[in-house]
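> Right, I'll just put the structure down here and ask away after.
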Amino acid sequence: MKRQRWEKAIEYALIGIIVFIGFVSLLYSWIDSAFGINVNVYLLAALAVVVSFLVVYIIRMFDER
């Protein structure tokens, strides 16, 4: 059954939010344990947004085929 356009948008948004939260926590714990420094929250969030966007974009590319 073909999904509606809004169903795909909600699915991609949920995937993006979950991946964003996961990458923020993963990157924060990794940088904290590897370097022992506190990370700038804005830099960490920006990096997580970029990685999340790339993951969702790759999923979308392969989902349309």
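FYI, it's all coordinate maths here, none of it is from the lab. Just so we're clear, the structure is a prediction, and the values are computed from it rather than from any experiment. Ideal geometry is used to build each Cβ from the backbone, glycine not excepted, and the neighbour counts take in all protein chains shown.
> Give me the dipole magnitude in Debye, nearest 20, for the chain about the Cα centre, with unit charges on the beta carbon: positive for Lys and Arg, negative for Asp and Glu.
Values: 6 positive and 5 negative charges, 70 e Å.
Roughly 340 debye, rounded to the nearest 20.
> Take every Cα-Cα distance within the chain, group them into 10 Å bins from 0 onward, and report for each bin the whole-number percent of pairs it holds.
Distribution as computed: 20, 41, 23, 12, 3, 0 percent.
> So how tilted is helix 5-35 from the main axis of the chain? Cα-based, degrees 0 to 90, rounded to 10.
20
> Something else about it: With runs of 4+ DSSP H residues as the only contributors, calculate the mean residue ellipticity of the chain at 222 nm using -39,500 (n - 2.57) per run, divided by the residue total and rounded to the nearest 500.
Computed mean residue ellipticity for the chain: -29500 deg cm²/dmol.
> Taking 22 Å as R0, compute the FRET efficiency from the Cβ-Cβ separation of Val39 and Ile10 and round it to 0.05.
On the way: r = 31 Å, r/R0 = 1.40.
E between Val39 and Ile10, to the nearest 0.05, is 0.10.
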